[in-house]
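Below: the structure, in structure tokens.
Bear in mind that the values in this text are calculations on the coordinates, not laboratory data. Bear in mind that the values here come from a model prediction, so they are computed numbers and not experimental data. All Cβ positions, even for glycine, are placed from backbone atoms using ideal geometry, and neighbour counts span all protein chains on display.
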Amino acid sequence: MSQVAKVKFVDYRTSIARALDLIDAGTRLPQQGLIIIKPNLTNSSPPPVTTSVVAAEALYNYCKAHTKAEIVIGEGCGTGRTPDIFESLGYTDLANKYGLKLIDFNEAETIILENDNALQLKRFYMPKIVQHAFIISLPVLKDHSFTKTTIAMKNMFGIVPGKFYSGSWNKSKLHSPSTAKSVVDVCLYKKPDISVVDASIALKGMHLAGRHKSIGLILAGFDPVAVDTFGSKLLGHNPKKLDYLTLANGRLGSMDDIEIING
């Protein structure tokens, strides 16, 4: 059975810590190596299109209190240049405040991986720094034009180096022929170890310019399929009708037997 913590949003520091405590995340963080916090910074638009820097700071402080591993923030933006996005959304200031490294996955050193079980990305370029890192996906709860919802799993498109998958935008090649299959494949190569979802204010209708919807929650879980299943329900969708979730079910996690832990 997969657990998903559901915590009333009070503020990012309080609610993110509470959600992570409910799933015992503090005891399961690695004590050495590298932890990468992966927000959703697809472009320079303010939250809820993108992940609030205050949420990232809260997650960083939680990790810092529970591990001696190195903690960095990484993203590969969907449009524009990642360093510019970091700067415009306050992440450069955050990095300077704590002495954090910011990683641009679009330009990072890459390795090539292969997986015959992948649905369409049989050969995959991955930033070398990602391969053995512990990844925490930190998305906003949003509808999406191609996959209906974009939550913990779709957020992993950000690890994909845009220099190999760009077209009309930085990750456009991942959206053809099937965005849903690409979501599954990217997560087959590297799925999030923990997912923390900002569902305080969700985005309905479209992932870049939708309607704000007050939900007032923070979600957390180790199973990204379970997290995305519950999150999709909060957005008003039937998860059984979302291709990326049905394709991921049993491969990357479970849509069934989900325990919601309220806090």
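Some points to look at:
- Euclidean distance of C-alpha centroids, the stretch 194-263 and the stretch 172-191, integer Å: 17
- Cβ crowding within 10 Å ranks ASP21, ASP143 as ASP21, ASP143, fewest other Cβ atoms first.
- Given LYS101/LYS148; LYS6/LYS64; LYS6/LYS190; LYS97/LYS191; LYS38/LYS148, the pairs whose alpha carbons are separated by over 31 Å: LYS101/LYS148
- Bridge type composition, the stretch 2-262 - antiparallel percent by DSSP, nearest 5: 50
- Scalar couplings 3J(HN,Hα) for the stretch 118-130, obtained by applying the Karplus form with A = 6.51, B = -1.76, C = 1.60 to θ = phi - 60°, are 5, 6, 8, 9, 5, 10, 9, 8, 10, x, 4, 5, 7 Hz; x denotes Gly and Pro.
- From least to most packed, judged by other beta carbons within 10 angstrom and beginning with the fewest, HIS212, HIS207 follow the order HIS212, HIS207.
- Among the listed pairs LYS122/LYS163; LYS122/LYS173; LYS173/LYS204, those beyond 20 Å (Cα-Cα): LYS173/LYS204
- Candidates TYR60, TYR189, TYR98: whichever shows maximal mean-square fluctuation once the chain is modelled as a Gaussian network with Cα springs under 10 Å: TYR98
- For the stretch 2-262, the residue among VAL186, ASN262, HIS237 whose Cα projects farthest onto the positive side of the dipole built from Cβ charges is HIS237.
- Sequence-separation-based contact order of the chain, relative, with Cα cut under 8 Å and 6+ spacing, percent: 25
- Computed [θ] at 222 nm, helices only, for the chain once each DSSP H run of length n ≥ 4 contributes -39500 (n - 2.57): -8000 deg cm²/dmol
- For the options SER168, SER178, SER45, a Gaussian network treatment of the chain with springs between C-alpha atoms closer than 10 Å singles out SER168 as fluctuating the most.
- Dipole magnitude (debye, nearest 20) for the stretch 2-262, charges at Cβ of Lys, Arg, Asp, Glu: 440
- With bins 5 Å wide beginning at 0, the percent of Cα pairs of the stretch 76-130 falling in each bin runs 4, 18, 18, 18, 17, 10, 8, 6, 1.
- Against the empirical 2.2 N^0.38 Å (N residues), the chain has a Cα radius of gyration ratio of 0.90.
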